[in-house]
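Participant: Input: one structure, supplied below.
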Amino acid sequence: MLSATQTRQYLHRLGLPGHPAPSVAGLSALHRAHVEHVPYETLEIQLGRPTTVDPVESADRILRGRGGYCYHLNGAFAALLTTLGYEVTWHVAGLQPDPSTPAGANGNHLALTVRCEGGTWFADVGLADALHEPMPLREGTYRQGPMTFGLRRSAAEPEGWRFDHDPRGSFTGMDFRTGPAGPADFTERHQYLSTSPDSPFAGTALVFRRDAAGVDTLHGCVLSRTDANGRHRSELTTAEAWFAVLGSRFGLSLDDLGPADRDALWHKVHAAHLAWRTSAAQAS
């Protein structure tokens, strides 16, 4: 649960003046506002600054103008929803990055379901370039802006669920178990993902922001926009341009970083980008 002050500040960060009694319409409005105003970002990992999966700590970081990845975003969102009177359940989930990777809920993702107005909804503000608003927890195909998603029973998790991403998405799909989970179920995996040099987040900075028309992505120094007109990419070659885009496109002013941290962040991200370019050139 969040305090009254935290709740008020959180809603302000989302651009919402307040929130009435729980409803499906209210849940959808909160979800849309969250993915539009609070980006998915892995910059703390690039900086080597430790975080936890504690939902209140994650909410406090959001209130300071930052984002996070799935454990932070969904954990904080669940705390906000619970404080507002929604019935929220955490679930152990697993993101499948590509078809060659086994499917299943290995704990590398936290998923949420919400009971509201007699139905159950799949809500996930930590799926990077996926959901703009919640989906009813029932099998079907769902169109959100330029993207089409699928929801079906999981073949990898008995009685679980499978989310199939749009073919243009950054991952293949995600499976989650039906049973409830809590922060302790994700602590070990979070430690690996946020600190191990073998983590998929260690080598490249990632930032995503979803809106009704599409998604903005910053992958290292490559900025892209995916919408109904396709995908358009540009390369950011200077620190000034990179930080400017973080502020203007993703709402990350990074006021919590001093000059030394900003320099270190840029040099690490840019070095990884140059290494990627060299590797791509050699491969071609």
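Participant: Scan the stretch 85-106 for residues that are assigned to a loop (DSSP other than H, G, I, E, B), in contact (Cβ under 8 Å) with a residue 40 or more places away in the chain and over 15 Å from the mean Cα position of the chain (by Cα) and jot them down.
Facilitator: Gly85, Tyr86, Asp98, Pro99, Thr101, Pro102, Ala103, Gly104, Ala105, Asn106, listed by residue number.
Participant: Name the one entry in Gln9, Gln46 that is of a type in the set (S, T, N, Q), in a helix (DSSP H, G or I), buried (at least 18 other Cβ atoms within 10 Å of the Cβ) and out of contact with any strand residue (DSSP E or B) (no Cβ under 6 Å at 6 or more places or on another chain).
Facilitator: Among Gln9, Gln46, only Gln46 is of a type in the set (S, T, N, Q), in a helix (DSSP H, G or I), buried (at least 18 other Cβ atoms within 10 Å of the Cβ) and out of contact with any strand residue (DSSP E or B) (no Cβ under 6 Å at 6 or more places or on another chain).
Participant: Hey, any hits in the stretch 134-148 for a residue that's surrounded by fewer than 21 Cβ atoms within 10 Å (Cβ to Cβ), more than 18 Å from the chain's Cα centre (by Cα) and modelled with pLDDT under 95?
Facilitator: Checked the stretch 134-148: at least one residue is surrounded by fewer than 21 Cβ atoms within 10 Å (Cβ to Cβ), more than 18 Å from the chain's Cα centre (by Cα) and modelled with pLDDT under 95.
Participant: Which residue is surrounded by the fewest Cβ atoms within 10 Å (Cβ to Cβ), if the candidates are limited to the stretch 50-75 and must be assigned to a loop (DSSP other than H, G, I, E, B) and not basic (Lys, Arg)?
Facilitator: Going through the qualifying residues, I end up with Pro50.
Participant: Another question about this same structure. Any idea which of (1) over 13 Å from Ser194 (Cβ atoms); (2) outside any helix (DSSP H, G or I); (3) aliphatic (A, V, I, L, M) is the one Ala78 doesn't satisfy?
Facilitator: Of (1) over 13 Å from Ser194 (Cβ atoms); (2) outside any helix (DSSP H, G or I); (3) aliphatic (A, V, I, L, M), only one is false for Ala78: (2).
Participant: Sticking with this structure for a sec: In the stretch 186-206, is there at least one residue being touching a residue at least 60 places away in the same chain (Cβ under 8 Å), in a strand (DSSP E or B) and within 30 Å of Gly150 (Cβ to Cβ)?
Facilitator: yes
Participant: Now for a different question. Considering each of Ala78, Ala93 in turn, give the residue that is in contact with a Lys or Arg (Cβ under 8 Å, 6 or more places away or on another chain) and either of a type in the set (Lys, Arg) or modelled with pLDDT of 95 or more (or both).
Facilitator: Selected residue: Ala93, the only one of Ala78, Ala93 that is in contact with a Lys or Arg (Cβ under 8 Å, 6 or more places away or on another chain) and either of a type in the set (Lys, Arg) or modelled with pLDDT of 95 or more (or both).
Participant: Looking only at residues that are assigned to a helix (DSSP H, G or I) and under 14 Å from the mean Cα position of the chain (by Cα) in the stretch 12-43, which one is surrounded by the most Cβ atoms within 10 Å (Cβ to Cβ)?
Facilitator: In this case the residue turns out to be Val35.
Participant: On the given criteria, is Asp124 crowded, with 21+ Cβ neighbours inside 10 Å and closer than 20 Å to Tyr69 by Cα?
Facilitator: For Asp124, the condition - crowded, with 21+ Cβ neighbours inside 10 Å and closer than 20 Å to Tyr69 by Cα - is met.
Participant: Which numbered condition trips up Arg177, out of (1) without any contact (Cβ under 8 Å) to a residue 12 or more places away in the chain; (2) among the basic types (Lys, Arg); (3) surrounded by 19 or more Cβ atoms within 10 Å (Cβ to Cβ)?
Facilitator: Checking Arg177 against (1) without any contact (Cβ under 8 Å) to a residue 12 or more places away in the chain; (2) among the basic types (Lys, Arg); (3) surrounded by 19 or more Cβ atoms within 10 Å (Cβ to Cβ), the one that fails is (1).
Participant: Sticking with this one: Checking the condition part of a strand (DSSP E or B), out of contact with any helix residue (DSSP H, G or I) (no Cβ under 8 Å at 6 or more places or on another chain) and either of a type in the set (D, E, K, R) or under 20 Å from Phe208 (Cβ atoms) (or both), which residue from Thr148, Thr141, Thr113 passes?
Facilitator: Answer to the selection: Thr148.
Participant: Restricting attention to the stretch 204-213, which residues are out of contact with any Phe, Trp or Tyr (no Cβ under 6 Å at 6 or more places or on another chain) and within 13 Å of Ser170 (Cβ to Cβ)?
Facilitator: The answer is Thr204, Leu206, Arg210.
Participant: Can you tell me how many residues in the stretch 193-223 are small (Gly, Ala, Ser), closer than 18 Å to Leu127 by Cβ and loosely packed, with under 15 Cβ neighbours inside 10 Å?
Facilitator: 2
Participant: Within the stretch 240-279, can you find the residues that are surrounded by 12 or more Cβ atoms within 10 Å (Cβ to Cβ) and of a type in the set (Gly, Ala, Ser)?
Facilitator: Across the stretch 240-279, the qualifying residues are Ala241, Ala244, Gly247, Gly251, Ser253, Ala264, Ala272, Ala275.
Participant: If you don't mind, there's one more thing I want to ask. So which of Arg231, Arg210 is in contact with a helix residue (DSSP H, G or I) (Cβ under 8 Å, 6 or more places away or on another chain), part of a strand (DSSP E or B) and touching a residue at least 60 places away in the same chain (Cβ under 8 Å)?
Facilitator: Exactly one residue qualifies, and that residue is Arg210.
The values are calculated or read from the model by the stated rules, or taken from the named source; none is laboratory data. Here the structure is a predicted model, which is why all the values come from computation and not from measurement. We place every Cβ from the backbone using ideal geometry, glycine too, and count neighbours over all the protein chains shown.
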